[in-house]
Amino acid sequence: MNPPLTAFLGPEEPVRIGSDAHKALFCRTLLDTFDAYKPAVIDWPKLDSAALERLTSLPIWDIAVQTEGRARLNVEAYAATSTDALLRKAIELNAFEEGRHKLVLSNLVTAYGIALAPEPQYVVQGDPEWAFMVTGYSECIDSFFAFGLFETAKRSGFFPQALVDTFEPVIQEEARHILFFINWAAWHRRNMPLWRRPFFELKVLAVWLFLIWERIGIARDMGSGVQDNNFTVTGAKSLGDDIDAAQLIDFCLVENERRMSLYDHRLLRPFAVPALARLARRFMRPKKTVTGQSAA
Ligand SMILES: [Fe+2]
Ligand SMILES: [Fe+2]
């Protein structure tokens, strides 16, 4: 049993990014907010035929299961390289949760009779640090949009409430993961030898370019009948014509803020994706305005 965080860090004590206190705060935030749900005992709600049809025809299940499978492996590979006990424990928990997401999705697929394409052989993507960063930054993009899509599906009744409730812990877990990842990246770059930093920044840039390339390449393949990584485009299209891009971004921003507000204010928040979304949003006109936050 770990001593409570407050045993060595006061609730208002300032925390310098890159310090040991910072590391303790972002690791303990992930560890202490662990939700011990068990995928095997999830009682999948009965759906009426229309809801079942909507769910099974969403073209995201193959890629969602595969993304979680790859994420577990990537995160686990980096955990194995960590010599810091607390950091390692937190990254291992992150990997465990990715594996659990895959299990939840696999059980959902079985429960609702969704046919999956055969899974590929998962391999760690590049060196462990690269693999962790690919998963981390890719979650920063996908989770931001997943927050908005989830809220849209919830408000529109696309998913019945019982299914929304079942999925809520998975979505919030991704919020915890990106919060953890962003703080790890900031802590990591401040704790590496100075000579390594330019290489690390190049690596960060290369990861972003890789993720953008992956998404553009995938968008080009749309319509080929192959499921793709572009959750936002595919997901938004599936949610119907009622949603426009501006409204979706508004939901993403509101939900991102709400989900991140649950954690210690001294931790860094994901910045790049919300900032880009805010910038893009300036040039869009919504059909409807997003008002109020989710009641959940
Ligand atoms: Fe996940
Ligand atoms: Fe995750």
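The values are calculated or read from the model by the stated rules, or taken from the named source; none is laboratory data. Only a predicted model underlies this, so the values are computations on that prediction, with no experimental measurement involved. Cβ atoms come from the backbone with ideal geometry, glycine included; neighbour counts cover every protein chain shown.
Which condition number does THR135 fail, the rest of (1) polar (S, T, N, Q); (2) within 11 Å of ligand 2 (Cβ to nearest atom); (3) surrounded by fewer than 21 Cβ atoms within 10 Å (Cβ to Cβ) being met?
Exception for THR135: condition (3).
Give the range 154-165 a look and list any residue that's in a loop (DSSP other than H, G, I, E, B) and free of Cβ contacts under 8 Å to residues at least 12 places away in the same chain, or say none.
Scanning the range 154-165 gives a single hit, GLY157.
Please go through the range 153-192 and give me each residue that is exposed (fewer than 15 other Cβ atoms within 10 Å of the Cβ), within 24 Å of GLY136 (Cα to Cα) and either modelled with pLDDT under 95 or within 16 Å of ligand 2 (Cβ to nearest atom) (or both), ordered by number.
Result: GLU168, single match.
Of (1) closer than 21 Å to VAL134 by Cα; (2) surrounded by 18 or more Cβ atoms within 10 Å (Cβ to Cβ); (3) free of Cβ contacts under 8 Å to residues at least 60 places away in the same chain, THR81 satisfies all except one. Which?
All conditions pass for THR81, except number (2).
Out of the residues in the range 20-58 that are of a type in the set (Ser, Thr, Tyr) and in contact (Cβ under 8 Å) with a residue 40 or more places away in the chain, which is nearest to HIS101 (Cα to Cα)?
TYR37
With respect to ILE141, is the statement that it is of a type in the set (Val, Ile, Thr), within 15 Å of ligand 2 (Cβ to nearest atom), under 19 Å from the mean Cα position of the chain (by Cα) and under 15 Å from ILE63 (Cβ atoms) true?
It is true that ILE141 is of a type in the set (Val, Ile, Thr), within 15 Å of ligand 2 (Cβ to nearest atom), under 19 Å from the mean Cα position of the chain (by Cα) and under 15 Å from ILE63 (Cβ atoms).
Where the second residue is polar (S, T, N, Q) and the first is surrounded by 15 or more Cβ atoms within 10 Å (Cβ to Cβ) and lies in the range 112-131, which pairs have Cβ atoms under 7 Å and are six or more apart or on separate chains?
Final answer for the pair search is TYR112/THR56; ILE114/THR56; VAL124/ASN74; GLN125/ASN74; PRO128/THR81; ALA131/ASN74; ALA131/GLN125.
Could you list, in sequence order, all residues of the range 86-129 that are closer than 19 Å to ALA64 by Cβ and of a type in the set (Lys, Arg)?
Selection gives ARG100, LYS102.
When the residues of the range 90-99 are narrowed to those that are more than 8 Å from ligand 1 (Cβ to nearest atom) and not β-branched (Val, Ile, Thr), which ends up surrounded by the most Cβ atoms within 10 Å (Cβ to Cβ)?
Among those that are more than 8 Å from ligand 1 (Cβ to nearest atom) and not β-branched (Val, Ile, Thr), it is ASN94.
Could you pull out the residue among GLU76, GLU68, GLU97 that is free of Cβ contacts under 8 Å to residues at least 40 places away in the same chain, within 15 Å of ligand 2 (Cβ to nearest atom), out of contact with any strand residue (DSSP E or B) (no Cβ under 6 Å at 6 or more places or on another chain) and within 30 Å of SER19 (Cα to Cα)?
None of the others qualify; the one that does is GLU76.
Being surrounded by 14 or more Cβ atoms within 10 Å (Cβ to Cβ) and under 19 Å from PHE132 (Cα atoms): is that true of ILE63 here?
yes
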